[in-house]
Amino acid sequence: MMGMKDITEKVSAKFEGGRLVFYHNHEPIGSMDLGTKEIQMNDGYDMKNNLILASEKNTKLKDHYTENCDAGWC
């Protein structure tokens, strides 16, 4: 089982059709129905103790453009 990382401060939300949709890196990761207050999180994400958590596979940084660059100018 992969570890989970706190991404709470990196999450934004938008109102969409009676729901509050949560986003991380501009991708939807979950939502809350404003009528029922039911929270639904996508696979690899969870909400516990007022924190939004992501599995480590969902928080890995993309390679920097100079990653694995032998010449130094990429």
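Taken together, the values in this text are just the output of simple stated rules run on the coordinates, not laboratory data. On a predicted model such as this, the values are computed, not experimentally measured, just so you know.
At-a-glance table
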read-out: Hydrodynamic radius (Kirkwood) for the range 4-59, which is based on Cα pairs only, to one decimal in Å; value: 11.3 Å
read-out: Total lysine pairs whose alpha carbons fall under 20 Å of each other in the range 4-59 (8 or more apart, or interchain); value: 7
read-out: The range 4-59: relative contact order as a whole-number percent, Cα under 8 Å and 6+ apart; value: 34 percent
